[in-house]
Amino acid sequence: MDRLSQIRLLIEAEMAGLPTERHDPSQGLPLQVVSFGADEVTAALECMLTTWVTMGPKVREFEAAWAKWCGASHGVMSNSGSSANLLMLAAMVETGRLQRGDEVLVPAVAWSTSLFPVQQCGLVPVLVDVHPDTLCMDPAAAKAAMGPRTKAALAVHMLGQPTRVDALKELGLVVLEDACPAPGAEIAGLGRAGSMGHAGSFSFFFSHHITTVEGGITVTNDAELANAMRSLRAHGWVREREDKSVWEKKHPEIDPRFLFVSSGWNLRPTEMAGAMGLIQLGRLSPWLERRRENHRHWCELLAPLAPKLRCFPMRPGETHAAFSFAMLLQKGIERAPVMAALESSGIATRPISGSNLARQPAFERVPGARVGGPLPVADAVHERGFFVGNSHAFHAGHGAILASRLQEILS
Ligand SMILES: Cc1ncc(COP(=O)(O)O)c(C=O)c1O
């Protein structure tokens, strides 16, 4: 047996107790169950042992595999989903697809780093209400919020629910997807998240469907956009661009190793992240099915609690990525005691992401941002919405515990 196989056996023994595939509901419902095991740790360790730890062939292989899985041609991996959003928006400006000062519609219910990169790239965010059945941008509210400078929409697929990208495109908007919580979300006839709009971002943070610890990726069919993201991701240099030979020929007097062609940051992932991602991607499809099964089952179990509590069943023609399980309490029922009672039973809860971002103190610090119209659904989410975790390692037992606890709390 070679030494790496021996090390792998030790890692397997060390990690044997982790509930990677099946979690015991008597432990409650955590927000996430650890999703990596000996394969991922060995793959990451192998990178360290070979000493190729900075972005290299594993990241490139993962980028190609992830883009293919989404139905897109190019993938640019970065160190987080937030970075993937930043690269996507910055590249839209860098390539002239959007102009500084253009307005970008952003759903009022989203994550903070769905919103901030819009302004950070010189664009103007306009907050739009979400649809009461999806908690994603409402196309009717989007239409009402549009002005002469509105050019694009950032479709945030909230907690795995796909946004109606088709309806936003019909408004003449360039659609970008924040699919950080929604790998495998799909709209019939349009394709998978990430390939429905001009570009789409994903997060591989520890608590997501699959993880590279920290990590993200942006996918697109636009080769020029992908090249711009490759420079923006790494110092503005030419190295990872597919058109680098064109630039090098144009500037023969500059050493191509230090040829800088755009503005940039350092948002690169490590090679360990690429190696983990390759293994995790192989697990994703069956894990998504289990998450969806939980989502379907929990909606059925909780249906009798309406109208005190409503959940968000999957809709025909749409495939949910079942990231976390959102619920909304009836007006008049206070959210804090319900969440506290769940927490005291070992059921972890959170507000629905940033809830109404217009009500977050940070919103006042986003220069130029405006609210595009009334936000009644975002307000309801802000006051009465919450979610609990879902996981491929959860099963019917978790649904039973959640339902019986909610029944007790709300009766
Ligand atoms: C919609 C959305 N966008 C962006 C992010 C940020 O991803 P990351 O934590 O990898 O930066 C998240 C994180 O969950 C998210 O839900």
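The values are calculated or read from the model by the stated rules, or taken from the named source; none is laboratory data. Remember, predicted model here, so these are calculated numbers, not experimental data. Don't worry about glycine lacking a Cβ; one is built from the backbone with ideal geometry, like all the others, and counts go over all protein chains shown.
Regarding A65, is this residue under 30 Å from P125 (Cβ atoms), part of a helix (DSSP H, G or I), not aromatic (F, W, Y) and not assigned by TED's automatic domain parsing to the domain that holds T349?
No, not satisfied.
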Inset, instruction - Among the candidates W66, W111, single out the residue that is touching a residue at least 60 places away in the same chain (Cβ under 8 Å) and touching an Asp or Glu at 6+ places or on another chain (Cβ under 8 Å). - result: W111
Legend entry - Candidates R268, R257, filtered to the one that is part of a loop (DSSP other than H, G, I, E, B), of a type in the set (D, E, K, R) and over 11 Å from the mean Cα position of the chain (by Cα): R268
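Could you run through segment 344-368 and say how many residues are of a type in the set (A, V, I, L, M) and more than 26 Å from L31 (Cα to Cα)?
Start the filter on segment 344-368 by keeping residues that are of a type in the set (A, V, I, L, M), which leaves 347-348, 352, 357-358, 362, 366.
The next check asks that each one be more than 26 Å from L31 (Cα to Cα); those that pass are 366.
So the count comes out to 1.
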Legend entry - In segment 9-27, the residues that are crowded, with 16+ Cβ neighbours inside 10 Å and either within 25 Å of the chain's Cα centre (by Cα) or within 19 Å of E271 (Cβ to Cβ) (or both): I11, T20, H23
Inset, instruction - Return the pairs, sorted by first residue and then second, in which the second residue is away from the ligand (no atom under 16 Å from the Cβ) and of a type outside the set (A, V, I, L, M), the first residue lies in segment 163-184 and is free of Cβ contacts under 8 Å to residues at least 24 places away in the same chain, the beta carbons are less than 7 Å apart, and the residues are 6+ apart or on different chains. - result: V175/K169; V175/H198
Legend entry - Among (1) of a type outside the set (F, W, Y); (2) within 16 Å of the ligand (Cβ to nearest atom); (3) within 28 Å of M276 (Cα to Cα) - the single one P57 does not satisfy: (2)
Inset, instruction - Filter segment 228-248 for residues that are more than 16 Å from M55 (Cα to Cα) and either in a helix (DSSP H, G or I) or without any contact (Cβ under 8 Å) to a residue 12 or more places away in the chain (or both) and give the result. - result: A228, K244, S245, V246, W247, E248
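Please specify each residue of segment 309-333 satisfying the condition of being part of a loop (DSSP other than H, G, I, E, B) and closer than 19 Å to A400 by Cβ. Don't jump to the end; show me each part of the working.
From segment 309-333, those part of a loop (DSSP other than H, G, I, E, B) are 312-317, 320-323, 330-333; that's our starting set.
Residues satisfying the conditions are P313, A322.
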Legend entry - Selection within segment 172-216 - assigned to a strand (DSSP E or B) and of a type in the set (D, E, K, R): E177, D178, E186, R192
Inset, instruction - Looking only at segment 91-101, decide whether some residue is of a type outside the set (K, R) and touching a His at 6+ places or on another chain (Cβ under 9 Å). - result: yes
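Looking at segment 223-234, is at least one residue in the same structural domain as E63 (by TED's automatic domain parsing), within 15 Å of the ligand (Cβ to nearest atom) and farther than 28 Å from G101 by Cβ? Spell out how you get there, then give the answer.
Taking segment 223-234 as the starting set, the residues that turn out to be in the same structural domain as E63 (by TED's automatic domain parsing) are 223-234.
Right, trim to within 15 Å of the ligand (Cβ to nearest atom) and you get 233.
If we keep only those that are farther than 28 Å from G101 by Cβ as well, we get none.
No, the conditions are met nowhere in segment 223-234.
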Inset, instruction - Would you point out the residue of segment 183-210, among those that are at positive phi and surrounded by fewer than 24 Cβ atoms within 10 Å (Cβ to Cβ), that is nearest to the ligand (Cβ to nearest atom)? - result: G191
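Answer yes or no: is there a residue in segment 334-350 that is of a type in the set (D, E, K, R), in a helix (DSSP H, G or I) and at pLDDT 95 or above.
Step one: list which residues in segment 334-350 are of a type in the set (D, E, K, R), which gives 334-335, 343, 350.
Now drop any that are not in a helix (DSSP H, G or I), which leaves 335, 343.
Those still in the list that are at pLDDT 95 or above too: 335, 343.
Yes, the conditions are met somewhere in segment 334-350.
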